[in-house]
């Protein structure tokens, strides 16, 4: 991954591939200039706190691990500083990497993890398990600057250890990345069926620790529905469960590991449900004259049990964004497109209200075609019009590219981020309307033109997830404040509307202030109790999942540029300091 | 419920309705005599320890609750002593109710529960939440004779508080019994779809606390799959979660309440998934020439996604028992039956190996008939022969009656009990063979003829549950020892074969010695940590879910008649003592 943005070094958003995008953004965000700010700091000029080094700890590691498993290399420290949230990238782009760990360790076996944990516990050293580093909720942020901090990068534990072809289970090391995992399972004719937006850059262990959801969760479930057994190394020893489909053995300890966000131990291995590679996959696009009709179409499919594996319904603004994101049309497509537009206009589709829906059906050929047929009858009843397989193809080709937009816009002094939640069907319309209104109002408060879009995905018999995307011009010097205010408003709207703080992005730092409201104070107390029991010395990712009595104040302090962040690092170079000041003004 | 056996006072096993049963039992258990032992003790002669009475606690209760909510009535104390396991009924039938609580409280609201918990915590008084009292794993057994003990009977908290018809969720008080719950939901056209064998005599809260599974779990899931939100009163306050389909809010605290077996608090309310009442329900019976073919048939349905809502495949011995359990045939049925027998013989079915399978398909009419058709093609391929709707009807008519057999047999000095587990598909055959062999060998060790049968039910993509039933003649004076040895052997076989200690009966006292092997020592430590955090004074159902360092010894001590049980109670009446001695010899 890039240290300063999303994706591989060579991957980026190319305006020429999406010719409508920047004009669209300029128009909706009231931007006049085409200027963009070059990145001002190279990796070399990032301000890194000097690495703390506990000699007895290092000596112990050197005895048990190979030299190539331990590093305090500058680039690695920077990469392991943060995840990929707005706050993370914003700071890195300004040369701030105060969250950098002092050391990175690459375990190659569970034994290596045990050795590191034991040595860390003996020397009161903080460990932060690191998967792909793609988290955007602040799960990886170092909370304690006083103790030595080690990032435990799990990428070398990447083997599929066993596939049980009769039981459709696979035992897998936690550090494996999405594509590698699917390659290994594919060799057995199997798939996990877990394809989050971060698929290219995230790991099995990370998915489990954050309760991740893949695009096709409607068919395959969230990651917590896939885990059958788990191994987690804790400071008190190895927690392990049995490979059984279901049990009544008291409290389900699998669920103590799932969602633990690195606070209890290191997930080293999981046995998960796998599936035969689907015989058939059909990705399709539809247009609905309005959002409500699209929601009704999804709801009816849930009721009639003909759900696709994936459904994404964009609201009008997200639809406009998606259309602006399309690759440049060929001559023929242009002509077909203009005919189609005329047809839509004749059918009463008004562009500002029209909503794009993307679906993927997959499984056995017969089942897929049956479901697709049944679903299309429902879509039509709800006013949907098929866009043919082209829209599906275009989605498939670019489905992991969306996060690159943020880097492109950050370069142009535009803040964008996302907040997602879930609620029951009866509450979806109200939650959508309230939150969109809150988002727009909050951004507008500073006299800035707001952009807010939403899509519905991850549906369940009792409800669905709502995924909000927002963007606005930065007020130079107020960027972090602007972001925090907007982010706070949207999260507060979730909670005020009875929804949850996140459907699949985790609690981290970003959502901590709403944890007690979500799971109740007694819930927080229960989680703390597990923490105290398994990690009495608080060496595992401290500060997470345990809100203080003033979580919102803490949160603002963490995010502020003027106060703690500036203080956190020692800015030695006056030129650097001047440059940053200029930015901050 | 009867205090001395299963079911309503008026319900019992009538030999005349099952004319083949007793001859079958006599023949397979080597019994010659038709004598049966009359129950020797009436309710009045049960030896009850004097009720402890903490005056400040009682005074507090009297201030906050109505007189009809508090009782130390003899019958109520006896009924609340135990669940309905073999050990429970065996002791009660011998006048032993050492586990009786000192007081029974009937809360009518969450406030009543809070008041009782607070008062109990102040006075160091033990509380045991009590649902229907049908548990057979020893979950309700008082572990601490030194402190005053209150049974918190939840039956008056029985209202369906809200039904969200759009989201298909219902908010329900935890004390509601199965039939009452289905009546209330039925008025909204809804069903929970949870029908455990104990349905008539168990409650929503009990199901959640023990991770119960209903007969139709293949369609509706286990209870842990149904719970969306929960309220649990703990000594540290009320834990509550939000009504959202899924979340990523750290560790899922719903799963700390589910399976907590009364050790953390009192579940007062849950919001659960509900379903439209099924349009169609088809119950059918099939006969397979051997067990393996039946297993293959179930497995293929899982793979081809045409599972029934319920499937129960009996092994040969369980099949013979089921056939012996049938109601007397009418003249016409007799003739049809004998034709059918000839047909089966011609097809190569040998009775000692033939296996009965019962299935129920339910849902929308179209879906049901499609699945049934698809499944029947598979059944036929695997050698199955349809028995028509008659077998289904007969199952439907008697599906909750099976537990009555135990009382009938206990009256005739025959011990019967069950142990169930779950494993992955690749391990089912080995687990079945090993455990059946172990069961028979262990019973035979005392020179007694063994009977052991098994059925498969509750199937999943990766495995299924195996449910073993066993029976044998009692050796007078050694009854408890015999039982414990056999029970230990079967549980040990589960663990040795990689399976779980129970699929849906809970840990309780009966399965405690295998808890650490099942969830690992660190898992046990995690559970203990939650307990210490939410119930620091250990007032909630103490002694459960926390094995000592010598769990098996403790377990034998708990079960033994000679030692602790005899000592536990004060046998004041010499005549009673003489009678019991006679029994014990």
task: Using the structure shown, decide if residue A:270 is in contact with a helix residue (DSSP H, G or I) (Cβ under 8 Å, 6 or more places away or on another chain), at pLDDT 95 or above and more than 11 Å from chain B (Cβ to nearest Cβ).
output: yes
- prompt: Which pairs have Cβ atoms under 8 Å, sit 6 or more apart or on different chains, and link a residue in segment A:388-399 that is surrounded by fewer than 13 Cβ atoms within 10 Å (Cβ to Cβ) to one that is modelled with pLDDT under 85?
  reply: A:397/A:327
- prompt: Would you say residue A:532 is facing chain B (nearest Cβ under 10 Å) and either in contact (Cβ under 8 Å) with a residue 12 or more places away in the chain or under 15 Å from residue A:143 (Cβ atoms) (or both)?
  reply: no
- prompt: From A:123, A:146, A:159, A:118, which residue is surrounded by fewer than 19 Cβ atoms within 10 Å (Cβ to Cβ) and touching a strand residue (DSSP E or B) at 6+ places or on another chain (Cβ under 9 Å)?
  reply: A:159
- prompt: Any idea how many residues of segment B:169-207 are over 23 Å from residue B:263 (Cβ atoms), over 19 Å from the mean Cα position of the chain (by Cα) and crowded, with 23+ Cβ neighbours inside 10 Å?
  reply: 2
query: Which of (1) surrounded by fewer than 24 Cβ atoms within 10 Å (Cβ to Cβ); (2) more than 9 Å from chain B (Cβ to nearest Cβ) is the odd one out, the single condition residue A:525 does not satisfy?
result: (2)
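Determine whether residue A:53 is over 29 Å from the mean Cα position of the chain (by Cα) and part of a helix (DSSP H, G or I). Reasoning before the result, please.
Details: over 29 Å from the mean Cα position of the chain (by Cα): yes; part of a helix (DSSP H, G or I): no.
No; evaluated as a whole, the condition is false for this residue.
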- prompt: In the set B:223, B:258, which member is crowded, with 24+ Cβ neighbours inside 10 Å and within 8 Å of chain A (Cβ to nearest Cβ)?
  reply: B:258
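Quick one: in segment A:226-236, of everything that is more than 7 Å from chain B (Cβ to nearest Cβ) and not in a helix (DSSP H, G or I), which residue is nearest to residue B:248 (Cα to Cα)? Let's see the steps before the verdict.
Of all residues in segment A:226-236, those more than 7 Å from chain B (Cβ to nearest Cβ) come to A:226-227, A:229-233, A:235.
Next cut, not in a helix (DSSP H, G or I) only: A:227, A:229-233, A:235.
On the way: A:227: 15, A:229: 19, A:230: 18, A:231: 20, A:232: 19, A:233: 22, A:235: 24 Å.
The selected residue is A:227.
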message: Looking for something touching a helix residue (DSSP H, G or I) at 6+ places or on another chain (Cβ under 9 Å), surrounded by fewer than 17 Cβ atoms within 10 Å (Cβ to Cβ) and under 30 Å from residue A:557 (Cβ atoms) - is there at least one such residue anywhere in segment A:97-112?
response: no
- line: Sole miss for residue B:517 among (1) touching a helix residue (DSSP H, G or I) at 6+ places or on another chain (Cβ under 6 Å); (2) within 14 Å of chain A (Cβ to nearest Cβ); (3) in contact (Cβ under 8 Å) with a residue 60 or more places away in the chain is condition (3)
- prompt: For residues in segment B:362-395 being more than 14 Å from chain A (Cβ to nearest Cβ) and not in a helix (DSSP H, G or I), which is farthest from residue B:340 (Cα to Cα)?
  reply: B:382
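If the requirement is being in contact with a strand residue (DSSP E or B) (Cβ under 8 Å, 6 or more places away or on another chain) and farther than 21 Å from residue A:323 by Cα, which of these qualifies: A:416, A:423? Steps first, answer last, please.
Details: A:416 fails: farther than 21 Å from residue A:323 by Cα.
None of the others qualify; the one that does is A:423.
Output yes when any residue across segment A:429-442 is within 14 Å of another protein chain (Cβ to nearest Cβ), closer than 23 Å to residue B:271 by Cβ, under 18 Å from the mean Cα position of the chain (by Cα) and buried (at least 20 other Cβ atoms within 10 Å of the Cβ), and no when none is. Explain how you work it out, then say what you get.
Residues of segment A:429-442 within 14 Å of another protein chain (Cβ to nearest Cβ): A:429-431.
Going one step further and asking which of them are closer than 23 Å to residue B:271 by Cβ, we end up with A:429-431.
When the remaining residues are screened for being under 18 Å from the mean Cα position of the chain (by Cα), the result is none.
No, because not a single residue in segment A:429-442 is within 14 Å of another protein chain (Cβ to nearest Cβ), closer than 23 Å to residue B:271 by Cβ, under 18 Å from the mean Cα position of the chain (by Cα) and buried (at least 20 other Cβ atoms within 10 Å of the Cβ).
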- request: Would you check which residues across segment B:338-362 are touching a helix residue (DSSP H, G or I) at 6+ places or on another chain (Cβ under 9 Å), surrounded by fewer than 18 Cβ atoms within 10 Å (Cβ to Cβ) and over 19 Å from residue B:322 (Cβ atoms) and list them?
  value: B:345
field: Count of segment A:59-75 residues which are in a helix (DSSP H, G or I) and in contact (Cβ under 8 Å) with a residue 40 or more places away in the chain
entry: 5
- prompt: Just a yes or no: is a residue in segment B:457-468 under 18 Å from residue B:137 (Cα atoms), more than 7 Å from chain A (Cβ to nearest Cβ), without any contact (Cβ under 8 Å) to a residue 60 or more places away in the chain and touching a helix residue (DSSP H, G or I) at 6+ places or on another chain (Cβ under 8 Å)?
  reply: yes
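Can you tell me how many residues in segment A:481-494 are farther than 11 Å from residue A:419 by Cβ and in contact with a strand residue (DSSP E or B) (Cβ under 9 Å, 6 or more places away or on another chain)? Steps first, answer last, please.
Initial filter on segment A:481-494 (farther than 11 Å from residue A:419 by Cβ): A:481-485.
Still in the running and in contact with a strand residue (DSSP E or B) (Cβ under 9 Å, 6 or more places away or on another chain): A:482-483.
Number satisfying all stated conditions: 2.
The values are calculated or read from the model by the stated rules, or taken from the named source; none is laboratory data. No experiment lies behind these values; they were computed from the predicted model shown. Every residue, glycine as well, gets a Cβ built from its backbone with ideal geometry; the counts of neighbours run over all protein chains shown.
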